[in-house]
Amino acid sequence: MSLPSSVLSTRVQLNAEELANNLKLRDVHPLLIHGDLDQSERNDVIHKFRRKEADVLVATDVAGELQKGC
């Protein structure tokens with residue numbers, strides 16, 4: 001059974017990293033996106049998520065900015 005993709009948002013990068021690590025411990029494959037990534041890295045993460053290469057996208061507030069451009 002395939003689960004739908006999910007986006008989880010946090011306010012700060014440290015929380016996003018911790019959440020992504022906790023998901024990995026539970027055999028969930030997350031992608032992580034935050035403001036310290038350069039634009040090409042962010043684009044790569046978004047493309048992977050759209051291709052369903054991960055179950056979950058863990059994002060900081062940068063996700064809201066990305067959605068404005070999509």
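The values are calculated or read from the model by the stated rules, or taken from the named source; none is laboratory data. Because the structure is predicted, anything quoted here is derived from the model rather than measured. Every residue, glycine among them, receives a Cβ derived from its backbone with ideal geometry; neighbour counts consider all protein chains shown. To get the accessible areas, we keep the full protein, side chains included, count just its heavy atoms, and leave off ligands, DNA and RNA. Shrake-Rupley method; radii C 1.70, N 1.55, O 1.52, S 1.80 Å.
Just a few scattered comments:
- Within segment 25-39, the residues that satisfy the criterion of being surrounded by 13 or more Cβ atoms within 10 Å (Cβ to Cβ) and not in a loop (DSSP other than H, G, I, E, B) are 30, 31, 32, 33.
- For segment 13-20, the condition of being open to solvent by 60 Å² or more (accessible area, probe 1.4 Å) and either at pLDDT below 90 or touching a helix residue (DSSP H, G or I) at 6+ places or on another chain (Cβ under 6 Å) (or both) holds for at least one residue.
- Residue match in segment 57-66 (condition: of a type outside the set (S, T, N, Q), at pLDDT 90 or above, open to solvent by 80 Å² or more (accessible area, probe 1.4 Å) and not in a loop (DSSP other than H, G, I, E, B)): no
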